[in-house]
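Reading through the structure tokens given below for one structure.
The values are calculated or read from the model by the stated rules, or taken from the named source; none is laboratory data. If you're wondering where the values come from, they're calculated on a predicted model, not measured in any experiment. Heads up, the Cβs are rebuilt from the backbone with ideal geometry, glycines too, and the neighbour counts pull from every protein chain shown.
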Amino acid sequence: MPTWTDEDLNRVGDAEELQLSSRRPDATLRPYVTIWVVRVGDDLYVRSANGPDNPWYRRAKASGTGRIRAGGSERDVTFAESTPEANAAIDAAYHAKYDRFGPSYVGPVVGPKAAPLTIRLLPTP
């Protein structure tokens, strides 16, 4: 399984926002959406702030693959499941990175309601 390079982890993990595009059934990319991203160890995660019916989230889950752009890096990715054990660290990473925006912005991406809406981004070759 491919792994992130240290450079990609730093660039994407340090970026304020990430642009994410999922693939259509014909393998073309959908328009990019801008979302928050966090790094936990050697993994990158995104969460749907507007619940499971958020269009980008539904499309990413259905397609399973796409592309991300952030911090000068652009990579094809697989949208993978997160593990429940990672949720506390993911919450902490969102708080550390984004709390300056206030609870009305950070609240939807942390806690037990947000945890099932976590996507682990895996690089594809």
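Would you mind stating whether D42 is free of Cβ contacts under 8 Å to residues at least 40 places away in the same chain and on the phi < 0 side of the Ramachandran plot?
Values: free of Cβ contacts under 8 Å to residues at least 40 places away in the same chain: yes; on the phi < 0 side of the Ramachandran plot: yes.
Criteria met by D42.
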The lone condition D76 fails out of (1) crowded, with 20+ Cβ neighbours inside 10 Å; (2) under 16 Å from P2 (Cα atoms); (3) not hydroxyl-bearing (S, T, Y) is (1)
Which of the residues spanning the stretch 22-59 are more than 10 Å from the chain's Cα centre (by Cα) and of a type in the set (A, V, I, L, M)? A27, L29, V33, V40, A49
Out of the residues in the stretch 79-125 meeting the condition of being under 19 Å from D8 (Cα atoms) and without any contact (Cβ under 8 Å) to a residue 60 or more places away in the chain, tell me which one is surrounded by the fewest Cβ atoms within 10 Å (Cβ to Cβ). A80
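Here is a yes/no grid of residues against (1) more than 22 Å from P112 (Cα to Cα); (2) at pLDDT 95 or above:
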residue	(1), (2)
Q19	yes, yes
Y32	yes, yes
V40	no, yes
R47	no, yes
N50	no, no
K61	no, yes
State yes or no: is G51 touching a residue at least 40 places away in the same chain (Cβ under 8 Å) and either of a type outside the set (S, T, N, Q) or at positive phi (or both)? yes
